[in-house]
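Q: There's a structure below that I have some questions on.
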Amino acid sequence: MVACRVCSGSVDEFLDFGRQPLSDAFLDPGEVEKEFFFRLAVGMCGNCTMVQLMEEVPRERMFHDSYPYFSSGSSVMRQHFESTAEEFLRTELAGPDPFIVEIGSNDGVMLRAIDRAGVRHLGVEPSGSVAERARAQGIAVCTEFFEADTAAAIRAEHGPADVVYAANTFCHIPYVESIFRGVDALLKPDGVFVFEDPYLGEIVERTSFDQIYDEHFYFFTARSVRAMARRFGFDLVDVRRLPVHGGEVRYTLARTGARRESPAVAELLAEEERKGLATRATVTGFATSVERTRDELMTLLRGLVSDGRRIVGYGATAKSATVTNYCGISADLVSGVFDTTPAKQGRLTPGAHLPVRPAEEFTAPYPDYVLLFAWNHAEEIMAKERAFREAGGRWILYTPKVQVV
Ligand code: SAH
Ligand code: TYD
Ligand code: ZN
């Protein structure tokens, strides 16, 4: 039996992707032999309904000094975090001498605007590569994993925080009890813990199974987050749906009884109930859709290649590791992947070993089809590469359904 990392209940597996590599472990050709694999499978807790991975990858294998994901690579995301910062500055951080701690601050994409406003802040970011990028811009960062001890040390040195914020990071952290103890040690009595992560409701609705990979340990719903919060002395006081990364929810937690619950919480809980989101039938139905998507995508790719078409990938995303390795997409189908990240270029994608090439080389010459792995940035990328489509090229998407556009 696998025990739930939140409540120790029994986790029932509903989807198994088999042997998978680390999603952000881009390889030099000489490193292929010693590649690390684990079993990627997902289940739902029979007690608290939290959807989670069946196997945990040790955190140091994923988050380290050559972590290659730089959050500032998308202008839409830079804009998103700029407005997030502005909202905090107008609301939670509007009192005297405010202080905000960000868990997983990456390259400073959010804290940059906080720093510019002269507000006290600290990023907690274990991956040296990205932490260094933030520090070079004057942002305060401590290169550690956030957990109970780190939080206590921050509290001792800087005093209590008005906000603890985490974007696309809390779902990466299996050890939630230590996180909540840390947040409790750090927050002012009326402070808030705010986090935003991919929403299970959207993943199911769009069959975006590529959101499932080593780093994404949890797949939250309002229901599972509320149960988790209660267990550790917090209330879920607000939820807000966000359009980024294919559909997320921003959850706001406050200490039990400290704040009034927004009507949005009951609304989202009711919607989840109505849709039967946290039911065995829904998650097994999702697993069936995932298999169908794989089969449709592979039929399309094989057909195009046998007709002599050239296909490349766009966006060497962490998500794409699940797609390429689960579907079996090798370099004879998709000859390479274009990406703007220098730390990924010239390397091979994990498991499938597709060569990653600089995005600037995409034009020379254009392929016939592009499989858009960074589908969450579709608008931004398609606008940037408008000339490709004008030249007769076509995009292949696999979420919400397999289609050529
Ligand atoms: N907040 C950014 C980064 C998301 S990527 C954004 O939304 O774009 C997730 C980040 O969390 C990585 O930079 C990783 O190094 C960091 N991380 C992983 N585990 C962590 C932990 N226990 N404490 C703090 N940061 C962590
Ligand atoms: P993203 O989808 O944000 O995250 P994840 O790796 O967690 O799945 O990754 C986007 C990738 O796409 C990243 O490697 C940068 C790349 N990219 C481009 O090459 N061009 C672009 O215009 C954008 C927005 C991203
Ligand atoms: Zn549980």
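We did not get these values from a lab; they are worked out from the coordinates using the rules stated. Note that the structure is predicted; figures quoted are calculated from it, not measured. As a convention, Cβ positions derive from the backbone with ideal geometry for all residues, glycine included, and neighbour counts pool all protein chains shown.
Q: Per residue of the stretch 13-20, what does 6.51 cos²θ - 1.76 cosθ + 1.60 with θ = phi - 60° give for ³J(HN,Hα)? Whole Hz please, x for Gly and Pro, Karplus curve as stated.
A: 3J(HN,Hα) across the stretch 13-20, in whole Hz: 5, 10, 8, 10, 8, x, 6, 9.
Q: I'd like the Karplus ³J(HN,Hα) series for the stretch 319-324: coefficients 6.51, -1.76, 1.60, θ = phi - 60°, whole numbers in Hz, and an x wherever there's a Gly or Pro.
A: Result, ordered by residue: 3, 5, 4, 5, 5, 5 Hz.
Q: Right, next: So who's got an amide H within less than 5 Å of the one on Glu215, skipping anything under 5 residues away but keeping other chains? H placed 1.01 Å off N, in plane.
A: Placed amide hydrogens put Ser23 under 5 Å from Glu215.
Q: Would you please give the residues with an amide H less than 5 Å from that of Leu242, counting only those at least 5 places away or on a separate chain, with H modeled from the backbone geometry?
A: Glu248, Val249, Arg250
Q: With θ taken as phi - 60° and the coefficients 6.51, -1.76 and 1.60, list the Karplus ³J(HN,Hα) couplings across the stretch 385-399 in order, rounded to whole Hz; mark glycine and proline as x.
A: Using θ = phi - 60°, the values come out as 9, 4, 4, 4, 6, 4, 7, x, x, 10, 9, 10, 10, 10, 9 Hz.
Q: Rounded to the nearest 500 deg cm²/dmol, what is the calculated helix-only ellipticity per residue at 222 nm for the chain, with -39500 (n - 2.57) per DSSP H run of length n ≥ 4?
A: On the way: 13 runs with 134 residues, N = 405.
Dividing the helical sum by the residues of the chain leaves -10000 deg cm²/dmol.
Q: Find the centroid of the Cα atoms in the stretch 76-144 and in the stretch 183-240, then give the distance between the two in whole Å.
A: Answer, in whole Å: 20.
Q: On to the next question. So for each of 220-230, 190-200 I average, over its residues, the number of other beta carbons within 10 Å; can you give me the resulting order with the highest mean first? Before the final figure, lay out each step's value.
A: Values: 220-230: 21.9, 190-200: 24.1.
For the peptides 220-230, 190-200, the packing ranking is 190-200, 220-230.
Q: Still on this structure, please answer the following. Amide H to amide H under 5 Å from His121: which residues, 5+ apart in sequence or cross-chain, H placed 1.01 Å off N in plane?
A: Long-range HN contacts for His121: Ile100.
Q: Also, I was wondering about something else. Just from the alpha-carbon atoms, what are the Rg and Dmax of the stretch 10-167 in angstroms?
A: Rg and Dmax of the stretch 10-167, Cα atoms, are 18.3, 56 Å.
Q: Rounded to a whole number of µm²/s, how large is the Stokes-Einstein D of the chain at 10 °C and 1.306 mPa s, given Rh as the Kirkwood radius over C-alpha pairs? Can you show the working numbers first?
A: On the way: Rh = 21.9 Å.
Result for D is 72 µm²/s.
Q: Can you tell me the order of 57-63, 29-35 when each peptide is scored by its average per-residue count of other Cβ atoms within 10 angstrom, highest first?
A: Values: 57-63: 15.3, 29-35: 9.9.
With the highest mean Cβ count within 10 Å placed first, the list reads 57-63, 29-35.
Q: Could I ask something else about it? Compute the long axis of helix 263-275 from its Cα atoms, compare it with the longest principal axis of the Cα atoms of the chain, and write down the angle in degrees, 0 to 90, nearest 10.
A: In the chain, helix 263-275 runs at an angle near 40 degrees to the longest axis.
Q: Just to confirm the number: angle between the C-alpha axis of helix 75-90 and the first principal axis of the chain, 0 to 90 degrees, nearest 10?
A: With both axes taken from Cα atoms, the answer is about 10 degrees.
Q: What pairs in Lys34/Lys344; Lys344/Lys384; Lys34/Lys401; Lys319/Lys401; Lys319/Lys384 have C-alpha atoms more than 27 Å from each other? Spell out each step's value before the answer.
A: Details: Lys34/Lys344 18 Å; Lys344/Lys384 20 Å; Lys34/Lys401 35 Å; Lys319/Lys401 16 Å; Lys319/Lys384 21 Å.
Over 27 Å apart, Cα to Cα: Lys34/Lys401.
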